[in-house]
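One structure is given here, and the rest of the page talks about it.
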Amino acid sequence: MADVKPIADDPVAGLTDIPLPQVVGLWPQTWEARVATVVLVAASVIAAWQFVHHRRVNRYRREALAELNRIERGGDLSANDLAMQLSLLVRRTALAAFPREQVAPLAGTAWLAFLDRTGDVTEFSNGVGRCVVSAPYARKTQDASQRSALIALIRRWIRGHHA
């Protein structure tokens, strides 16, 4: 019985470990991927800045539209009071959007022409928008269709006027 070989005490002792892969970093490994990452980050920053700038610049429009909605919901206003409030709203909006020196001295047909020119419309000089000039002074009554057309015209001007 002396020929029998002794069994090793630890059968796993002769095995070698599997080499683990290197740790992968978060920064891209190729220069193309690095350039693409930098361009993507820069584009995101520029887009965010433009969005914030656009929101800040057009804040007066949102406030004017909210005021217009409040005036429109106030159903107990007479036709003259409604036209007068709309006239004041258009004037305040124009003063917020354009230089005071350009807007403040305008009156009458010059004011209507200014509104037509900046809003790419003709309804202020030739349509229902004429009452914007005469509303504070005239005691004319308007029917419901004229009031809704005037409100729609002013809403379109607030949303779309340009310098």
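Details
- Gyration tensor verdict on region 78-160 (Cα atoms; rounded if a/c is under 1.5, prolate if a/b is larger than b/c, oblate otherwise): prolate
- The longest stretch of the chain left intact once loop-based trypsin sites (Lys or Arg not before Pro) with at most 14 other Cβ atoms within 10 Å are removed from consideration, loops following DSSP, is 1-138.
- Using the rule -39500 (n - 2.57) for each DSSP H run of four or more residues, divided by the residues of the chain, the 222 nm mean residue ellipticity is -19500 deg cm²/dmol.
- Estimated D of the chain in µm² per second, where Rh is the Kirkwood radius over Cα pairs and Stokes-Einstein applies at 20 °C, 1.002 mPa s: 101
- Note on the chain: dipole from Cβ charges, positive end direction compared against F98, N80, I158; the farthest Cα belongs to N80.
The numbers here are math on the coordinates, done by the rules we state, and not lab data. All figures in this text were calculated on a predicted structure; none of them were measured in a lab. In this analysis, Cβ positions are derived from the backbone assuming ideal geometry, glycine residues included, and neighbour counts consider all displayed protein chains.
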